[in-house]
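Below is one structure, written out as structure tokens; comments come after it.
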Amino acid sequence: MFVSLPVIWGVFFTVGLDRDCMRTATIRLAAPGSGLHPADNGVADHPDIERVAIDQIAVLDDGTGVALCRLRGDVEELRAILSESAGISAFHASVTDETIHVFVHFEQTAAAAALLALRRSHELVVRTPIRWLSDGRLEISAVGDDATLQDSLDGLPEDLHVELVEIGEYAPETNHPESLLTDKQLEVLDAALGVGYYEEPRRGTQADVADAVGLAPATVGEHLRRIEGKVLRALRE
């Protein structure tokens, strides 16, 4: 049964948990209308394409959004859908080990605007990846103090149909490979995977990665060397 966020948060604070403690909250939401981006519903309705996760999402200075997503299925059908969408400014798609990595530059929908506002307007961290569930909803985890989590989640639009799944004390996954890398390094790594930089034979270049993340190729090369060094050293420690 769906219970409203204010009711759950009221119970949460009544039990006497420390509001200054760092917490994590997991929510599930449905993206109404055109979905997360203008081609989202077309992708969701295609029988040969499965949405898996959003690895990165951000807003640009001009108000448009960029996202790096993982999907499975027919990459040519995906390219056709994205090509035919008037709200997609640019995209790059490649396949690695049967997983489609696609970088999308898009006009914001209401759902994307709400998600991006959650990341930009509150002192919390939205953890990635953001996963698509089999019923089409997005599952999102955020980390912050109790009061910030309450304010940010209560501020989400009602038409997103937010369900609060879990609240708990934040326990960092220090043994997870992603914990070794900064947010910028993760963004560069995801872009490198998305353009096929690590495929054999290599399909993307450092210039392609640079275009995807908006950095100079030399800066991307430095990031990639640091990423590779951290991960390889961790394998031998």
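The values are calculated or read from the model by the stated rules, or taken from the named source; none is laboratory data. The shown structure was predicted, so the numbers you read here are calculated from the model rather than taken from an experiment. With ideal geometry, Cβ positions are generated from the backbone for all residues, glycine too; neighbour counts draw on all protein chains shown. We work out accessible area using only protein heavy atoms, side chains counted, and drop any ligands, DNA or RNA first. Shrake-Rupley method; radii C 1.70, N 1.55, O 1.52, S 1.80 Å.
Listed values, structure above:
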read-out: Condition met for ALA90 (touching a Phe, Trp or Tyr at 6+ places or on another chain (Cβ under 9 Å) and assigned to a strand (DSSP E or B)); value: yes
read-out: Residue count for the range 32-90, restricted to those that are over 23 Å from LEU133 (Cβ atoms), touching a strand residue (DSSP E or B) at 6+ places or on another chain (Cβ under 8 Å) and among the charged types (D, E, K, R); value: 1
read-out: Residue count, the range 31-47 (criterion: at negative phi and either modelled with pLDDT under 85 or exposed (fewer than 15 other Cβ atoms within 10 Å of the Cβ) (or both)); value: 8
read-out: Identity of the residue in the range 64-88, polar (S, T, N, Q) and either touching a Pro at 6+ places or on another chain (Cβ under 8 Å) or open to solvent by 30 Å² or more (accessible area, probe 1.4 Å) (or both), that ends up nearest to VAL209 (Cα to Cα); value: SER83
read-out: Leading residue by the ranking (farthest from ALA53 (Cα to Cα)) among those in the range 126-146 that are in a strand (DSSP E or B) and more than 13 Å from the chain's Cα centre (by Cα); value: ASP145
read-out: Residue tally, condition surrounded by fewer than 17 Cβ atoms within 10 Å (Cβ to Cβ), at pLDDT 80 or above and among the charged types (D, E, K, R), over the range 164-187; value: 2
read-out: Unique match (being open to solvent by 30 Å² or more (accessible area, probe 1.4 Å), out of contact with any Pro (no Cβ under 8 Å at 6 or more places or on another chain), over 23 Å from ALA212 (Cβ atoms) and among the charged types (D, E, K, R)) among ASP151, ASP61; value: ASP151
read-out: Only listed residue being among the hydrophobic types (A, V, I, L, M, F, W, C), under 22 Å from LEU153 (Cα atoms) and in a helix (DSSP H, G or I), chosen from ALA111, ALA58, ALA53, ALA67; value: ALA111
read-out: Cross-chain or 6+ apart pairs with Cβ under 7 Å, the range 208-225 first and open to solvent by less than 10 Å² (accessible area, probe 1.4 Å), then not in a helix (DSSP H, G or I); value: VAL209/TYR197; ALA210/ALA216
read-out: Residue, farthest from ARG202 (Cα to Cα), within the range 118-136, restricted to residues that are without any contact (Cβ under 8 Å) to a residue 24 or more places away in the chain and open to solvent by 20 Å² or more (accessible area, probe 1.4 Å); value: ASP135
